[in-house]
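Only one structure is covered here, and it is reproduced in the block below.
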Amino acid sequence: MPSLIDNGSSALLMENEIKDKRSNPKKKSKDEITFNKRQLRSETLKTDVIANEMELSSPKKWKSPRRCINDSPNTITKEICKTFESKTVISSRKNLCEKFMEKPKWDLNDCEQMNAVKEVLHLSTAPSAIVCREEEQMRVLDFCKACVEEEKAGSLYVCGCPGTGKTLSMEKVKQLLVGWVEEGGFQLPDVLTLNCTTLTNTREIFSKILQIYQPHKKMGGALSPLQQLQKLFSMKKQSSDKKMMLIIADELDYLITKDRVVLHDLFTLTTLPFSRCILIGIANAIDLADRFLPKLQSLNCKPILVTFRAYSKDQMLKILQQRVMDLPYDVFQPQALELCARKVAAASGDMRKALCVCRSAIEMLEAELKDTSTKFLEENSSLKQSITPTEKLLKEQEISIVKVDHMAVALSRTFKSGTVDTIQSLPQHQQMILCSVVKLFRGGKKDTTVGEMNRYYTDICKSALVPPTGSSDFTDMCKVLCDQGLIKLGQSRKDKLKRVTLKVDEADITFALQGIRFFRNCLQ
């Protein structure tokens, strides 16, 4: 009986399935669904394998750049280059920081280290390498080479603002010239380097030149040293056997006299037919050749002009880093040096001023260390605690480097003065007059007239879209500035012809006004 029932039930199930298939032909059984799924999986795997093989065997087809800008054959290359560049920039910054951080900290209590630091930053200490003046040095060197090769005299005038590396660059040129002469087999010229401020009188320079040119001949006689030189450089027999002579005259503007005869005679020596002088004059006045040498200009023997511009922030920072790198320990925080370079470059571009600020910051650090040590000892003695050497060393190491705060205070002490406060408290138009004075005296001029200063003031007002005052009001403002001790007015019947001289440092005016964008644009 059970078998019959089972057979009957199975038969009924089969009949129901047949009916379902007839009624719904799309419906599939479970076995068929499972089988189809397995078959689809196997086919998908096969297609994936075939696609991978095709990708390996054939190059990738790139999308059109119009459809997708980022998808192009150069995209991967660009991304790799960007990654490499970013890594290079990061690594270069890291290396720059490591240069400052690799060195050990210095001991401010060590007198030898303190003296070494101050000596490196002293004005009289020549740096190990002269940087940022390569172009100017090559121009002067090429001039000297041409004179030595052709055995021909010539004159060159080096000018620029104070503290721009003129004297140091001439020393470097002298070294390079000696090396070039030895390699080329030329005759080494006699060199005379003198500072005109050391001369007892202006005409003594001719006797100095004669002593180099004829060292064994006694001075004196009927002819003056200048006349003897003129005679020597006018005779072929006496001058042909002599060597070339390089004369480097620093602070040349000290030779300016009322009649300007000494300057004329000095430069005229290089124009004589058999002269063998190579004259290099160095001074701060940019327009000296135009103002004091008109005769030479009319004779077509105006000296070649090489101008040394004020140092920029990057150049000043590079020079400071070069000086500090010579020390075996860290003294300055990198950000502190950058602050010093930025502020001094904006005020004057004088490298000597930057070195003074750095030395002032070190003196401040030294004073702060003494004050901190004294307070630390007093606090611990009041608490009746014993101070271990380790605690004292850790306390000193906290302030063992010049930081931004020290440099900021040193800058304010160097530039901040009663003059700066006075300038900052002036009305706008009086400050604009001072801006015109700074622009007038940048070329090395020592004085001007009220009328010329009024023209500069009017130009500044027009460029700044500010209505200028009248001539009478301008004269009254100049009198106020004279009463404040900022300028000096000369005597004249006409106000326009009164001579104007500046009684304060130009850097003080620039420093007082550089924080305001309006005046910063006026001073450019």
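The values are calculated or read from the model by the stated rules, or taken from the named source; none is laboratory data. Remember, it's a predicted structure, so these values are computed and weren't measured experimentally. We place every Cβ from the backbone using ideal geometry, glycine too, and count neighbours over all the protein chains shown. Remember, those area values only see protein heavy atoms, side chains included, never the ligands or the DNA or RNA. Shrake-Rupley method; radii C 1.70, N 1.55, O 1.52, S 1.80 Å.
Quick notes on this one:
- Among the residues of the stretch 241-261, those identified as in a helix (DSSP H, G or I) and crowded, with 21+ Cβ neighbours inside 10 Å are Leu252, Leu255.
- Residue count for the stretch 165-210 satisfying the condition of being in a helix (DSSP H, G or I), touching a Lys or Arg at 6+ places or on another chain (Cβ under 7 Å) and among the hydrophobic types (A, V, I, L, M, F, W, C): 1.
- The C-beta contact set for the stretch 259-273 (first residue over 16 Å from Lys152 (Cα atoms), second residue surrounded by fewer than 16 Cβ atoms within 10 Å (Cβ to Cβ), distance under 7 angstrom, 6+ apart or interchain) comprises His264/Lys295.
- Qualifying residues in the stretch 456-492 (those that are farther than 22 Å from Lys446 by Cβ and within 35 Å of the chain's Cα centre (by Cα)) - the one least open to solvent (accessible area, probe 1.4 Å): Cys461
- If only residues of the stretch 326-347 that are open to solvent by 50 Å² or more (accessible area, probe 1.4 Å) and either in contact with a Gly (Cβ under 9 Å, 6 or more places away or on another chain) or not charged (D, E, K, R) (or both) are counted, the one that is modelled with the highest pLDDT is Gln335.
- Residues of the stretch 123-176 classified as farther than 28 Å from Lys236 by Cβ, open to solvent by less than 70 Å² (accessible area, probe 1.4 Å) and without any contact (Cβ under 8 Å) to a residue 12 or more places away in the chain, total: 1
- Selected residue (criterion: least open to solvent (accessible area, probe 1.4 Å)) from residues of the stretch 493-511 that are of a type in the set (D, E, K, R) and within 30 Å of the chain's Cα centre (by Cα): Asp508
- Hits in the stretch 512-521 - residues which are farther than 15 Å from Leu411 by Cα, modelled with pLDDT under 80 and surrounded by 14 or more Cβ atoms within 10 Å (Cβ to Cβ): Arg520
- Residue match in the stretch 205-217 (condition: buried (at least 18 other Cβ atoms within 10 Å of the Cβ), under 28 Å from Leu355 (Cβ atoms) and of a type outside the set (Asp, Glu)): no
- In the stretch 439-454, the residues that are over 32 Å from the mean Cα position of the chain (by Cα) and either open to solvent by 90 Å² or more (accessible area, probe 1.4 Å) or in contact (Cβ under 8 Å) with a residue 24 or more places away in the chain (or both): Thr449, Val450, Gly451, Asn454
- Only one of the numbered conditions (1) closer than 18 Å to Ile282 by Cβ; (2) in contact with a Lys or Arg (Cβ under 9 Å, 6 or more places away or on another chain) is violated by Met244, and that is (1).
- Within the stretch 410-422, the only residue that satisfies the criterion of being crowded, with 16+ Cβ neighbours inside 10 Å and over 23 Å from Ala341 (Cα atoms) is Thr422.
- Scope the stretch 259-274; condition hydrophobic (A, V, I, L, M, F, W, C) and over 11 Å from Leu226 (Cα atoms); matching residues: Val261, Leu263, Phe267, Leu272, Phe274
- Considered as a group, the residues in the stretch 311-352 that are small (Gly, Ala, Ser) and either part of a strand (DSSP E or B) or free of Cβ contacts under 8 Å to residues at least 40 places away in the same chain (or both) include one that is farthest from Lys439 (Cα to Cα), and that residue is Ala341.
- Only a single criterion out of (1) farther than 27 Å from Thr167 by Cα; (2) of a type outside the set (Gly, Ala, Ser); (3) surrounded by 15 or more Cβ atoms within 10 Å (Cβ to Cβ) is not satisfied by Leu229, namely (1).
- On inspection, Ser492 passes the criterion of being in a loop (DSSP other than H, G, I, E, B) and of a type in the set (S, T, N, Q).
- Residues satisfying the stated conditions in the stretch 141-175, i.e. under 21 Å from the mean Cα position of the chain (by Cα) and of a type in the set (Ser, Thr, Tyr): Thr164, Thr167, Ser169
- Positions within the stretch 348-369 being within 20 Å of Gln524 (Cα to Cα) and open to solvent by 10 Å² or more (accessible area, probe 1.4 Å), in sequence order: Ser348, Asp350, Met351
- Subset of the stretch 265-310 (residues that are over 26 Å from Thr164 (Cα atoms), part of a helix (DSSP H, G or I), open to solvent by less than 40 Å² (accessible area, probe 1.4 Å) and modelled with pLDDT of 75 or more): Asp265, Leu269, Thr270
- Each residue in the stretch 149-164 was checked for being more than 22 Å from Thr268 (Cα to Cα) and assigned to a loop (DSSP other than H, G, I, E, B), and 4 pass.
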